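Report on one structure; see the data block that follows.
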Amino acid sequence: MKFGVVVFPGSNCDHDAYHVISKHVGQPVDFIWHKETNLSGFDALIIPGGFSYGDYLRAGALARFSPVMRAVKDFAAAGKFVFGICNGFQILCEAGLLPGALMRNSGLHFVCRHVNIRVENSNTPYTTEMESGRVLSIPIAHADGNYACDDETFNSLEENGQIVFRYCEADGAITDDSNPNGARSNIAGICNLDRNVLGMMPHPERACEEVLGSTDGRDIFRSLTAAIQRY
């Protein structure tokens, strides 16, 4: 088993993801420069947070044209696992690997704090170690995390169980007050139809050590590792 962490100019959570995979998940991991096109040695990819290409034009819009993203599309089409976190989620949407788009936060401010998210679907490779309805404490750090999509896409996401995480209160209630960015239906993370591609705005790699205030993020990475072993 081997993980790869894709690095774009402006990525700033790549080392965080590397640390979690190597130290807490205990699996081999390498960085992948954005000009690389050979991903044959990897079983799962992490598209980390940050500000790829400085978020010029639109968050994730330039990264989608990097050489590595053509290889990432082929990687996902082959059924392998692709996990986009924050800016990685934005890139996956811009590249068409996930539906919808991430817009400016409704409050027009960068938001950086711990939030609660509820597991909506435990039947994905990223949530198999958790039960549906479980509440996780995970930090966010974004200015463009407002998930948006048209009605047809939203209905499809709901019907097909592609909504994986929603922002919620500590008791799991879905409320307007628990939505930090205005995302439609409090959506914090979605997967593709085949369940092998996940994008989420919160940062689980920042919630894997008690000193950081939460270890809830570990189970997302552990779920993925277990899924790869079964695959």
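The values are calculated or read from the model by the stated rules, or taken from the named source; none is laboratory data. What you are looking at is a predicted structure, and each value in this text was computed from that prediction instead of being measured. Virtual Cβ from ideal backbone geometry, glycine too; neighbours counted across all protein chains shown.
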Open item on the list: Being farther than 27 Å from T215 by Cβ, out of contact with any Ser or Thr (no Cβ under 6 Å at 6 or more places or on another chain) and surrounded by 19 or more Cβ atoms within 10 Å (Cβ to Cβ) narrows it down to one residue among F89, F83, F75, F65; which is it?
Closed with: F75
Task: Condition check for V25: farther than 30 Å from V211 by Cα, over 15 Å from the mean Cα position of the chain (by Cα) and in contact (Cβ under 8 Å) with a residue 60 or more places away in the chain - done: no
Open item on the list: Among the numbered criteria (1) touching a Gly at 6+ places or on another chain (Cβ under 7 Å); (2) of a type in the set (A, V, I, L, M, F, W, C); (3) over 26 Å from F110 (Cα atoms), which one does A183 miss?
Closed with: (3)
Task: Failed item in (1) surrounded by fewer than 24 Cβ atoms within 10 Å (Cβ to Cβ); (2) touching a Leu at 6+ places or on another chain (Cβ under 9 Å); (3) not hydroxyl-bearing (S, T, Y), with F165 passing the rest - done: (1)
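Each row is one residue, and each column tells you yes or no for (1) out of contact with any His (no Cβ under 9 Å at 6 or more places or on another chain); (2) hydroxyl-bearing (S, T, Y).
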residue	(1), (2)
V82	yes, no
Q90	no, no
P99	yes, no
V115	yes, no
S137	no, yes
A141	no, no
N155	yes, no
E158	yes, no
Open item on the list: Restricting to the range 185-221, name every residue that is part of a helix (DSSP H, G or I) and either at pLDDT below 95 or buried (at least 18 other Cβ atoms within 10 Å of the Cβ) (or both).
Closed with: N186, P204, E205, R206, E210, V211, L212, R218, D219, I220, F221
- [ ] Identify all residues within the range 206-231 that are within 16 Å of A44 (Cβ to Cβ) and free of Cβ contacts under 8 Å to residues at least 40 places away in the same chain; write none if there are none.
- [x] R230
Open item on the list: If a residue must be of a type in the set (G, A, S), free of Cβ contacts under 8 Å to residues at least 60 places away in the same chain and farther than 16 Å from R195 by Cα, how many such residues does the range 98-142 contain?
Closed with: 2
Open item on the list: Condition check: on the phi > 0 side of the Ramachandran plot and surrounded by fewer than 21 Cβ atoms within 10 Å (Cβ to Cβ). Does G26 satisfy that?
Closed with: yes
- [ ] May I ask you to verify whether S137 is more than 26 Å from H19 (Cα to Cα), at pLDDT 95 or above and either touching a helix residue (DSSP H, G or I) at 6+ places or on another chain (Cβ under 7 Å) or outside any loop (DSSP other than H, G, I, E, B) (or both)?
- [x] no
- [ ] Please give the number of the condition G60 fails out of (1) more than 22 Å from Y147 (Cβ to Cβ); (2) in contact with a helix residue (DSSP H, G or I) (Cβ under 6 Å, 6 or more places away or on another chain).
- [x] (1)
Open item on the list: Being out of contact with any Lys or Arg (no Cβ under 7 Å at 6 or more places or on another chain), more than 26 Å from V20 (Cα to Cα) and not in a helix (DSSP H, G or I): is that true of N181 here?
Closed with: yes
